[in-house]
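The values are calculated or read from the model by the stated rules, or taken from the named source; none is laboratory data. Since we're looking at a predicted model, the values are computed, not measured. Cβ atoms come from the backbone with ideal geometry, glycine included; neighbour counts cover every protein chain shown. Ligands, DNA and RNA are excluded from the accessible area calculation, which covers all protein heavy atoms including side chains. Shrake-Rupley method; radii C 1.70, N 1.55, O 1.52, S 1.80 Å.
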Amino acid sequence: MALIMMRSVAMTRRGFFKLKRSSNGIRAFSSLLTSPPSKAVFYERHGPPDAVTRVIEMEGVEVKEKDVCVKMMAAPINPSDINRIEGVYPVRPPLPAVGGYEGVGEVLSVGSAVKHLSPGDWVIPSPPSSGTWQTYIVKEESVWHKISKDSPIEYAATITVNPLTALRMLQDFVTLNSGDCIVQNGATSIVGQCIIQLARLRGIHSINIIRDRVGSDEAKEMLKRLGADEVFTESQLEVKNIKGLLTNLPEPALGFNCVGGNSASLVLKFLRHGGTMVTYGGMSKKPITVSTSSFIFKDLSLRGFWLQKLMNSDKVNECRNLIDHLLCLARQGKLKYECVFVLQILSLFQSL
């Protein structure tokens, strides 16, 4: 993925940019405690990431009394990160901006009024905070959540968005009991993989829908290893009686949609009377179409989920406890998923 171009530019704390030609490199502009100079993935305008982003050098910034300076160790590239750079995500940082929204880092230094963090601690921004695609970040102590240093780095860097989304959606909409069933599309996504495993831990069955593509058989096998009960491609569901494909599974009470279009319609067809479909994404960029009979005769409910709204509410501490729970599952090997992009930012910075 061609995401980053190299430039030699320095950034001051207030966001004004100037070339630095000192033979001694970038100098701190304050005699107070400052962060080291930092490299960052930066953009001044919205557009395709490979056209508008570049790597810059940022001057060290002052670490105030309530601030914590964190050396980032790893940060993922999520679809929402790309959407923010493109300018199509509902909430975006003001320009100019540094990319990234979650990640994991090690505390380098702390301000004099910081009480609960010390150099060497591992921390994640919780709620997620913009600007994680840089080597050093300075933010107030309240932004950071301390985590166990035994956590695998790839899970620590990615736990805040996708796994937490999966856990909250399983908890927040329908009361599910052992033996119940859920249905979802986008099952190979990180959220989808987490839903399968978290449901299985509670004795909840899962029906999973994936795209028709090269490698779909391998994808089915991967999801079955995670605990999926049934995995269908979209073309397999082009039948009149879709529920006839189920053998010993109950009709799902809850469905998850991150695709839209026909794939969302397939989720709805599986739901039992009074069931609920929760939409948390729209990767196909196609609208959800619901028949009148689905509302009148099946009494289906359509809901939406947006993690950012939840994390900006009074549930921050509750979400941090859930993050600790998810990291515990990852350390125990009970929660696994493929992290395709998570170490790209880390590898890039180490090579510069």
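For HIS205, nonlocal amide neighbours, meaning residues 5 or more places apart or on other chains whose placed amide H falls under 5 Å from its own, are GLY179, ASP180, CYS181, ILE182.
Tell me the label only: which of [x] 65, 53, 44; [y] 73, 41, 36; [z] 72, 52, 38 is Cα extents along the principal axes in Å as calculated from this structure? So the structure-derived entry is [y]. Angle of helix 261-270 to the longest C-alpha principal axis of the chain, folded into 0 to 90 degrees and rounded to 10: 50°. The GLU318 and SER235 beta-carbon pair, evaluated with R₀ = 30 Å, returns a calculated FRET efficiency of approximately 0.15. Rounded to the nearest 10 degrees, the inclination of helix 190-201 to the longest alpha-carbon principal axis of the chain is 60 degrees. Note on LYS309: aspartates and glutamates with a C-alpha under 15 Å away, same-chain residues under 8 apart excluded, are ASP172, GLU318. If you take all other residues with their beta carbon under 13 Å from the beta carbon of THR158, and give Lys and Arg +1 and Asp and Glu -1, the sum is -3.
Computed over all pairs of different Cα atoms, the Kirkwood value for the hydrodynamic radius of the stretch 138-269 is 15.9 Å.
Would you mind checking the pairs LYS220/LYS298; LYS220/LYS243; LYS240/LYS298; LYS71/LYS149; LYS285/LYS336 and listing those with alpha carbons more than 23 angstrom apart? Over 23 Å apart, Cα to Cα: LYS220/LYS298; LYS285/LYS336.
The mean accessible area for residues of the stretch 201-271, using a 1.4 Å probe and ignoring ligands and nucleic acids, is 46 Å² per residue.
Only helices enter the 222 nm calculation for the chain: every DSSP H run of n ≥ 4 contributes -39,500 (n - 2.57), and dividing by all residues gives -7500 deg cm²/dmol, rounded to 500.
By the rule of a C-alpha distance below 20 Å, with chain neighbours fewer than 8 residues away ignored, the lysines paired with LYS286 are LYS269. Only protein heavy atoms count here; on that basis, with a 1.4 Å probe, HIS273 has an accessible area of about 120 Å². Note on the chain: with neighbouring protein chains present and a 1.4 Å probe, carbon and sulfur make up 50 percent of its accessible heavy-atom surface.
Multiplying the residue separation of VAL91 and ALA51 by 0.36 nm and removing their Cα-Cα distance gives an extension gain of 12.3 nm. Straight-distance candidates among the lysines for linking to LYS64, with alpha-carbon spacing under 23 Å and chain neighbours fewer than 8 residues away dropped: LYS39, LYS115, LYS139, LYS146.
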